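Data first, discussion second: the structure below is written as structure tokens.
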């Protein structure tokens, strides 16, 4: 576990040791207002997908911002356990929980928290039913829909109806509705097609005589389309609150509020600089970060270092010991590297928040 040297509230951000992940609270609040105001004004609501940041303090701020279903979404049982321990009592696991150890933990968690879990296979439904019956608990279940080629889920339409009927007739399971989660979909027509598949399947399920309480679809990338579509009840969005370089290019209404502060530690050549934030501090699983220096580009990251290519005046003037900011390409894999995040306002430290669900991938 990380053992940070905590600085007192009011410390200038420039005095923090590097590399360190810093959240700009003013930008966080702007992002919250942008998305949550939208959902306050439409029938569908947002379910914050907190696996993007894994921080209970931030998740509480999301729920407090309004326009929510009063619950959150996570990816794993481990994340659900952590957030349940921090006062969250409506949790959707947007994932199939299949192995016996995980199902036992899920049932234990259901004794204290309203748990909803996704299914996409008849054998999975049977396993959940048997475990829930043995544990004496009831699980809310949504049928996961495969709305794009690389995703999990059962096919929309009649296959989903058949699975919903199996859930409905299974002991200690309650059919709650449908879920479609395709990850970022930035093309509007593709987003509408995915969302419409969920809405059309809802109509088929209701014709079969089953009530559909939840239709969860859409993401930060297409929340306005999903939230405005009749028949959608909730949107599972998470990246909006902090953003990252991947989403920033497509979602200009939000601002990157989580960045890694780093220090130039070497100038080996005139057109090159080395900073002290490598893969252990930023992550490159999905892409390289962006740097805020003019006329500078991140070209590679090793375990401990970031290599920058410099041109023009930056190449001539950048000094050893200078600081710069890296915006991670993927928010989730970056934050998962930290036990704590520094929270700043107007370039001064305001708080330190624990990333309590870091590493909870089981």
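What the table below lists for this structure:
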{"item": "Positions within segment 23-41 being crowded, with 19+ Cβ neighbours inside 10 Å and over 25 Å from residue 88 (Cβ atoms), in sequence order", "result": "none"}
{"item": "Filter result for the condition that a residue is at negative phi, buried (at least 17 other Cβ atoms within 10 Å of the Cβ) and in the same structural domain as residue 201 (by TED's automatic domain parsing), over 158, 112, 140", "result": "140"}
{"item": "Unmet criterion (only one of (1) in contact with a strand residue (DSSP E or B) (Cβ under 6 Å, 6 or more places away or on another chain); (2) in contact (Cβ under 8 Å) with a residue 40 or more places away in the chain; (3) farther than 24 Å from residue 12 by Cα; (4) not in a loop (DSSP other than H, G, I, E, B)) for residue 316", "result": "(1)"}
{"item": "Test: residue in segment 304-327 that is over 24 Å from residue 248 (Cβ atoms) and within 25 Å of the chain's Cα centre (by Cα)", "result": "no"}
{"item": "Among the candidates 199, 205, 212, 235, residue that is assigned to a strand (DSSP E or B), touching a residue at least 24 places away in the same chain (Cβ under 8 Å) and either under 23 Å from residue 68 (Cα atoms) or not assigned by TED's automatic domain parsing to the domain that holds residue 329 (or both)", "result": "235"}
{"item": "Subset of segment 42-65 [farther than 18 Å from residue 25 by Cβ and surrounded by fewer than 21 Cβ atoms within 10 Å (Cβ to Cβ)]", "result": "42, 43, 45"}
{"item": "Options 37, 57, 116, 26: the member that is in a helix (DSSP H, G or I), modelled with pLDDT of 95 or more and over 30 Å from residue 291 (Cα atoms)", "result": "37"}
{"item": "Count of segment 326-347 residues which are closer than 23 Å to residue 246 by Cβ and surrounded by fewer than 19 Cβ atoms within 10 Å (Cβ to Cβ)", "result": "1"}
{"item": "Filtered residues of segment 339-352 (kept if more than 27 Å from residue 106 (Cβ to Cβ) and touching a strand residue (DSSP E or B) at 6+ places or on another chain (Cβ under 8 Å))", "result": "340, 341, 342, 343, 344, 345, 347, 348, 349, 350, 351, 352"}
{"item": "From 127, 190, 132, residue being assigned to a helix (DSSP H, G or I), in contact with a strand residue (DSSP E or B) (Cβ under 6 Å, 6 or more places away or on another chain) and farther than 21 Å from residue 357 by Cβ", "result": "132"}
{"item": "Single condition residue 226 does not satisfy, out of (1) in the same structural domain as residue 185 (by TED's automatic domain parsing); (2) touching a residue at least 24 places away in the same chain (Cβ under 8 Å); (3) assigned to a loop (DSSP other than H, G, I, E, B)", "result": "(3)"}
{"item": "Filter result for the condition that a residue is under 16 Å from the mean Cα position of the chain (by Cα) and touching a residue at least 24 places away in the same chain (Cβ under 8 Å), over 270, 184", "result": "184"}
{"item": "Boolean, residue 262 is part of a strand (DSSP E or B), at pLDDT 95 or above and closer than 30 Å to residue 360 by Cβ", "result": "yes"}
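The values are calculated or read from the model by the stated rules, or taken from the named source; none is laboratory data. All values reported here derive from a predicted model rather than from experimental measurement. Glycine also receives a Cβ, built like all others from the backbone with ideal geometry; neighbour counts cover every protein chain displayed.
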